[in-house]
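The values are calculated or read from the model by the stated rules, or taken from the named source; none is laboratory data. These numbers were taken from a predicted model, which means no experiment stands behind them. Because the Cβ atoms are built from the backbone with ideal geometry, glycine has one as well, and the counts that use them run over all protein chains shown.
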């Protein structure tokens, strides 16, 4: 369902050029006209996408009326929704607001630095669109892979044709795509002659006016040349800082897909506001690097976000099982098959799997995103504690109906981990 919204965005983007031409150039409204053009484009996007959602509403299990008007279930489950939405907003806003604050900071450096900063950001914002798209796709794909969590059912129903969704999720997380940055390096000359004030004829008012007009034009040309040279140097800086920036942005999408928005928010707050903003201020104002110092700080801060790692030594369900049960009486016994199967439980706390196969030790995990107990989507070695922070080993009976056994295990584990109850 992503193709129709893409087509709508392409159409409205092309129309936006026409709106800008009409309001800014044809009607001569200047900046006000640009605002009108934005309003027309965004309103058109909203209207067309709403029509599309109305068309497919029955397929989504909703009525067409629910697209525009509150429905019966509109205000249900708001607690669960906000539990996910608020950290997500904080994660995304803490990144975007930072760039706005930097624009205010650069404004104190003068007109030329601010103009160069804004112009360079416009170019980078345009080239950053692929990274934003990949980040959104990573969030959607990883969330779908983890949320589906139906490996067992698919194995039973489709045999060898199944698709191992949790394995795909890990592959998507690892496939952090870096893309090259294009830095502007074209030369801009300052080839203009300075006006000799002595050449002005004070007795001729018209000539004086012409001279003043000429000075204004030359001053503007000089400013444009200064801005152009400064923009080029900023883009060269970002050619190096862009790799960690695009990478961390895509990684933030992966974190959203895994339900780890709070972790991303903390990393952004510390790296952007605790490190990058003070460093940029110091380099710009204290050490005299100006706007270039602010951009040097971009590379330092985004590299920190890119390289930040979890602090806990326990990373997988296997680590946690060894830590908690290994020292208990009876301990744990596992056969290590390696590869995707890893360690398979044979005995836990002195209780071995049933010889007749009537029950076995099964691993369950509590998803940080789904907020429920699920059959572990992969082996104990590859079940990640960032995504599944709580685990449980359950004696799973094979002699009973599968649905009844699932219900029994669900009642046994409860709706939440014990420490959250």
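Output the residue which, of all residues in the range 384-400 that are part of a loop (DSSP other than H, G, I, E, B) and at pLDDT below 85, is surrounded by the most Cβ atoms within 10 Å (Cβ to Cβ).
388
Residues that are at pLDDT below 80: which helices (runs of 4 or more DSSP H) entirely in the range 76-186 hold 2 or more of them? Spell out the reasoning first.
Numbers: elements: 78-107, 111-127, 129-148, 151-158, 165-174.
It comes to 78-107, 129-148, 151-158, 165-174.
Looking at 257, 242, 280, which is the one that is assigned by TED's automatic domain parsing to the domain that holds residue 99 and either on the phi > 0 side of the Ramachandran plot or under 14 Å from the mean Cα position of the chain (by Cα) (or both)? Even if it seems obvious, please write down each step before you answer.
Values: 242 fails: either on the phi > 0 side of the Ramachandran plot or under 14 Å from the mean Cα position of the chain (by Cα) (or both); 280 fails: either on the phi > 0 side of the Ramachandran plot or under 14 Å from the mean Cα position of the chain (by Cα) (or both).
None of the other options fit; the residue is 257.
Hey, residue 416 hits all of (1) part of a loop (DSSP other than H, G, I, E, B); (2) touching a strand residue (DSSP E or B) at 6+ places or on another chain (Cβ under 8 Å); (3) over 27 Å from residue 80 (Cα atoms) but one; which does it fall short on?
All conditions pass for residue 416, except number (3).
From (1) in contact (Cβ under 8 Å) with a residue 24 or more places away in the chain; (2) over 23 Å from the mean Cα position of the chain (by Cα), pick out the condition that doesn't hold for residue 140.
(2)
So is residue 232 part of a helix (DSSP H, G or I) and within 18 Å of residue 118 (Cα to Cα) or not?
Criteria met by residue 232.
Answer yes if at least one residue in the range 325-340 is within 29 Å of the chain's Cα centre (by Cα), outside any loop (DSSP other than H, G, I, E, B), under 22 Å from residue 409 (Cβ atoms) and not assigned by TED's automatic domain parsing to the domain that holds residue 255, and no otherwise.
So far as the range 325-340 goes, no, none of its residues is within 29 Å of the chain's Cα centre (by Cα), outside any loop (DSSP other than H, G, I, E, B), under 22 Å from residue 409 (Cβ atoms) and not assigned by TED's automatic domain parsing to the domain that holds residue 255.
If you go through the range 52-64 one residue at a time, how many are surrounded by 12 or more Cβ atoms within 10 Å (Cβ to Cβ), in a helix (DSSP H, G or I) and without any contact (Cβ under 8 Å) to a residue 24 or more places away in the chain?
5
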